[in-house]
Amino acid sequence: MGGIPGTRRRADPLFRREATLAFDPSEYGRRIPADVYDEAYAHLDPETAVNRLMALADGGPLCEFGIGTGRLALPLLERGLRVAGVEGSPEMVDRLRAKPGGNQVEVAVGDFAHTRAPGEFGLVLLAFNTIFALPDQAAQVACFRNAAAHLRPGGRFVIEAWVPDPGAFRAGGALRPIRVAPDAVLLEAAELHPAEQRMTTTKVRLTDDGVHLLPANHRYAWPAELDLMAQLAGMTRESRWADWTARPFTDDSREHITVYRRGAGA
């Protein structure tokens, strides 16, 4: 994941009291070891997303913002698509490079709100809620503009994100299971700060090897707010689905896949 220089709230290590610190796009990879990250999300099958992205890329090439350790990028590469990326964490990039095919992916290390990957792309991807890793609205607007700058005329920008649900919180906090399996339990504890549309979260992974904490902060935004950011960047919404299978997006949808398109004459 990445971010742009600015400020954000960071928790006290013991009590998560907030202090204003410079936002560091490489911090996520330093605080969460890349191998632990891979293990925590190994249960997610990328095949449906990869099938959809292959169709949307229209031959590519594809640039993934927040490419991480290559959960989607490497299967896309195996399908014959040329893939590049932008990633804020050198540790995540090292993990990507160590995997089969990882050295074929050109990655620009830096903040994906304004770092450029060389070339022009048929599709820019920002998956797995990573738009919310950016610290504020200004950074998210800059990210949309950066995506548009990477696209050839008529190219697509695809975002995968959850739909904010403040009603899920009680007294400003929530605890929910993400995965319960015989060999691992993944929980998420979250604290809501609605005045700034911000969440402080820590995922807790419990295994026979011990306990791992995966902290992350989010500046969440509603789908309509993301649509406006796209308009400011010269893109229009082409599609919105409830998931990668293209189920219709409805009032009950808790996640969305949204496809924006850069104007052919832009």
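Any read-out appearing in this document is the output of simple, stated calculations on the displayed coordinates, not a laboratory observation. No experiment lies behind these values; they were computed from the predicted model shown. No Cβ is skipped: glycine too gets one built from the backbone with ideal geometry, and neighbour counts run over all protein chains shown.
Simple spin-label estimate for ASP243 and LEU187 gives 2.6 nm between the two label positions (7 Å along the Cα-to-Cβ direction from each Cα). Neighbour counting of Cβ atoms within 10 Å sorts the residues ASP58, ASP252, fewest neighbours leading, into ASP252, ASP58. In region 94-251, taking the dipole from charged Cβ atoms about the Cα centre, the farthest positive-side position among ALA149, ALA233, PHE169 is held by ALA149.
Can you sort ARG247, ARG205, ARG198, ARG97 so the residue with the fewest Cβ neighbours within 10 Å comes first?
Fewest-to-most Cβ neighbours within 10 Å comes out as ARG247, ARG97, ARG198, ARG205.
Dividing the convex hull volume of the alpha carbon atoms of region 155-211 by its residue count gives 136 Å³ per residue. The ellipsoid that matches the Cα gyration tensor of region 169-266 has semi-axes, each √(5λ) in whole angstrom, of 33, 18, 13, with the longest given first. Counted by neighbouring Cβ atoms within 10 Å, the residues PHE132, PHE169 run from fewest to most as PHE169, PHE132.
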